[in-house]
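See below for the structure under consideration.
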Amino acid sequence: MSPGVTFFVGLGLLILFGWYFATELGPRKRFLATLLMVLLVLFSIATIWPPKEKIALGLDIQGGTSFLIRLVKSDKEITKAMLDQAVEVIRKRVDYFGGSEPVITPVGNDRILVQIPGLNPAKIQEARDQLSRVAKLEFRLVYPDKGERLAGIDKGQEVIPPDFRIEIYKHPAEGDEKPFEERLLVKKKADLGGNHVKESHAYFGNEGWTVQLGFDGEGAKEFGRITEANVNHRFAIVLDGAIQSAPVIRVPIYNGDAIITGKFGEQEARGLASVLENPLQTPVSIEEERSVSPTLGMDSIRASVIAGLMGLAITMVCVLVYYRFLGVIANLALIINLILLMGALTMFRFVLTLPGIAGIILTIGLSVDASVLIYERLREELALGKSLKAAVQAAYEKAFSSIFDANVTLITAAILFWKASGPVKGFAISLSLGILASLFTALIVGRNVLSWFVDTGRITRVSMLHLISSKNFNFLGKGFLACMLSLALLLAGAGAFYVRGEKNFGVDFRGGDLITLSSPNPIDVGQVRAALQPIGFADASIQESAQGGKYYVTIRTPLNTSEQAERQIMQALPGAGLKVEGSERVGALVGGELARNSLIALGLGILGILIFVTLRFELSFAVGAIVALLHDVLMTVGVFALLGRELTLTMVGAVLTIAGYSINDTIVVYDRIREGLASGRKGSIEQIMNESINQTLSRTILTSTVTLIPIICLFLFGGAVLRDFSLAIIIGVVVGTYSSIFIASPIVLWWTRARGGGAGSLRREIIQKTTATNPATS
């Protein structure tokens, strides 16, 4: 679909949305909702179809192209600092190809393994240029006359000044003019280097595609000084030894900006902007290039797809059985949610990877949770004796604040997308789009479909199972005991984590061994994985490739285990004709900068949640939510340490999913507590909180169950590679359900008491916040 068509379709949908929200309830509003739903679904399907060509898959699912890059020695020995700098620069340059989540890892002392998914032949050539270009940018003054000195040199009347040399400036063709060459007398030493470039981007201007540079503070100051002292003289912009342009300095430039023109095409300009922003300090060369299979292995992918579809089917059947006719509407909303999500991911050219799939799994949970919240409210309204039409209206109005507030994870997702990179960004993309799709399907699609059936008299009553009836458990009375139990488990987990030390982290975090085996015949990855199972390496990253008539398989194992793995494979597969091509140490996939940026993003996300919950509820609620979130994440990591499991890169998606689920579950409980306090209901804080937790108990258990179903299927049938990933989410969901009941609410109570407040003061603050910040319903 062309950008023009996409723009006009988007504009039309935006107008329809505005019209929908400006229309009162009634047939017209339902018609607009139906039109929006149909158009969005058709547009998404058109964007996705054919899925094999349109949906971009990550390296872990699809495979891609592998480059082995070697740092070129000069007069200096290659140091670890030089290797680390090259890794981070290449990581940023590869981001130029989109959110592809590549594999980038040091190999040995002077090489880097780069694997990028889904490159066509043209993109492969572009990747070669991006990876190997040094991008040494220099600004050098041209001799300050109008060419007289150079003319004198040509006539033998002048000599070349010691600080200058003659260089060729190749002018590109302009209009009808042919390209030509100009000789310039340019300084040997740069007056300003590219190391001061802070940012760089490409844009289309009056002179075609142009690259704009922004200098850091020191660079801007120096650039201003140079341009001020050399007005009306030429300034050569030199990239990798070739003059790109040599403009005349018309006026001093103090704002720290510069532009490079050179008759670039769009791709060339964007590529140049990328490499200028991330210059290499050490030249590199591409030593080897080959196509590689998915990092998860085709065997694992097949198993996980079957397990995922099985889990989704079981989830939909459970919703259908429990909510009957309402379950049909909930499943319709879920299917539309997934279509819209995949359409958005495809339209914005985001790459689907395992952490992205984790975001989709959380989205399924959020989508079903929204339906459960509405239908449980509908049950309560019908129990009050209201008509079906009035009950549906009241259920959506009362559930709106819960659904709105529970999607506070959108704040975190936006911050993760802004600040983080790699798998964290992939998760953030899927979750952000998934939350928006969930809000649309729950509040517009589901509501208008159900309203149509009710208003037209096609249904006059609804029935649903009620396996979890309202109880009167004293949850807060068990709060202290629960907190002590949690503290004991956290301490045990922290102790196990401390004792295990580096063993807590897998190959992705601390590096490992990379074994390369070859064979004259195709190699079955499943057989290699089965051969490694007896020594505990069944979840290793195994990739296959072919080159020059030979078949290769590379296996990434923990440090100092290559000989053991080689011996095991040779013994288990004696007839495969395998030969060991080499074994070497590889660095961590999670570089220092990637880890640092991700942690900063997570910290800002938690701060965003704290501010939002404080504004919507009250500070004690925000403190409780953050404590519960940290409790769930740390508990999961601690249980992994107690079980002797390793933390890997796939665990990043699992931990982020746990954090998202935790805050969602907690906010739903908080919303009911807020409603109880704001309604003027009589009783102490403890009584109101206990009643609120009991009222949401059915929803809490149902949502946890439908979220766990696909994850349990993945754990049981998804293969060894995804077992730890699914186990982490199972632990997190169970712990998150527990903490939303036994940890988050008691923290609110204790915090309120600690600052000398009581039921009256907390009630007044909640009423004030509810009055001031209650969002408008539609």
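Under 5 Å from the amide H of L192 lie the amide H atoms of F139, each residue being 5 or more positions distant or on a separate chain, with H modelled from the backbone and absent for Pro and chain starts.
Restricting to Cα pairs below 8 Å that are 6+ residues apart, what does the relative contact order work out to for region 99-157? Please round to a whole percent.
18 percent
With a 1.4 Å probe rolled over the protein heavy atoms of all chains, the accessible area of S745, S132 falls in the order S132, S745, largest first. Equivalent ellipsoid of region 197-287: semi-axes from √(5λ) of the C-alpha gyration tensor, largest first, are 23, 16, 13 Å. Rg over Rh of region 104-242, using C-alpha atoms and the Kirkwood radius, what does it come to? Ratio value, two decimals: 1.05. Evaluate E = 1/(1 + (r/R0)^6) for D216 and K123, where r is the Cβ-Cβ distance and R0 equals 30 Å; express this FRET efficiency to the nearest 0.05. After rounding, the FRET efficiency stands at 0.40.
Give the accessible surface of the chain per residue, rounded to a whole number of Å², with probe radius 1.4 Å and ligands, DNA and RNA excluded.
Per-residue accessible area for the chain comes out at 45 Å².
Across the accessible surface of the chain, with the other protein chains kept in place and a 1.4 Å probe, carbon and sulfur atoms take up 61 percent. For E581, nonlocal amide neighbours, meaning residues 5 or more places apart or on other chains whose placed amide H falls under 5 Å from its own, are T516, L517, S518.
I'd like the Kirkwood hydrodynamic radius of region 531-625, using the inverse of the mean 1/r over distinct C-alpha pairs, in Å. Walk me through the intermediate numbers first.
On the way: mean 1/r = 0.0565 Å⁻¹.
Evaluated on region 531-625, it is 17.7 Å.
Reducing region 330-399 and region 509-551 to their Cα centroids gives an inter-centroid distance of 42 Å. For K29, a cut-off of 24 angstrom between C-alpha atoms picks up these lysines, skipping any fewer than 8 places away in its own chain: K386, K389, K398.
With all protein chains present and a 1.4 Å probe, how do Y552, Y143 order by accessible area, largest first? Provide the component values of the computation, followed by the final result.
On the way: Y552 30, Y143 55 Å².
Output order, biggest surface exposure first: Y143, Y552.
Arranged from highest to lowest average of other beta-carbon atoms within 10 Å per residue, in what order do the peptides 508-520, 708-720 appear? Intermediate values should be presented prior to the final figure.
Values: 508-520: 19.6, 708-720: 21.4.
Order by mean packing, descending: 708-720, 508-520.
Divided by 2.2 N^0.38 Å, where N counts the residues, the Cα radius of gyration of the chain comes to 1.11. When the alpha-carbon atoms of region 477-581 are used, the pair Rg, Dmax equals 20.1, 71 angstrom. When +1 charges are put on Lys and Arg Cβ atoms and -1 charges on Asp and Glu Cβ atoms, the dipole computed for the chain relative to its Cα centre reaches about 2220 debye. Mean sequence separation of contacting Cα pairs (under 8 Å, at least six apart), scaled by the length of the chain, corresponds to a relative contact order of 15 percent.
Excluding same-chain neighbours fewer than eight residues apart, the lysines reachable from K189 by a Cα-Cα span under 17 Å are K136. By the rule of a C-alpha distance below 25 Å, with chain neighbours fewer than 8 residues away ignored, the lysines paired with K178 are K146, K170, K263.
D216 contributes about 50 Å² of solvent-accessible surface, heavy atoms of the protein only, 1.4 Å probe.
The values are calculated or read from the model by the stated rules, or taken from the named source; none is laboratory data. The structure presented is a predicted model; accordingly, all values stated were derived computationally and were not measured. Don't worry about glycine lacking a Cβ; one is built from the backbone with ideal geometry, like all the others, and counts go over all protein chains shown. All accessible areas refer to the heavy atoms of the entire protein, side chains included, with ligands and DNA or RNA removed. Shrake-Rupley method; radii C 1.70, N 1.55, O 1.52, S 1.80 Å.
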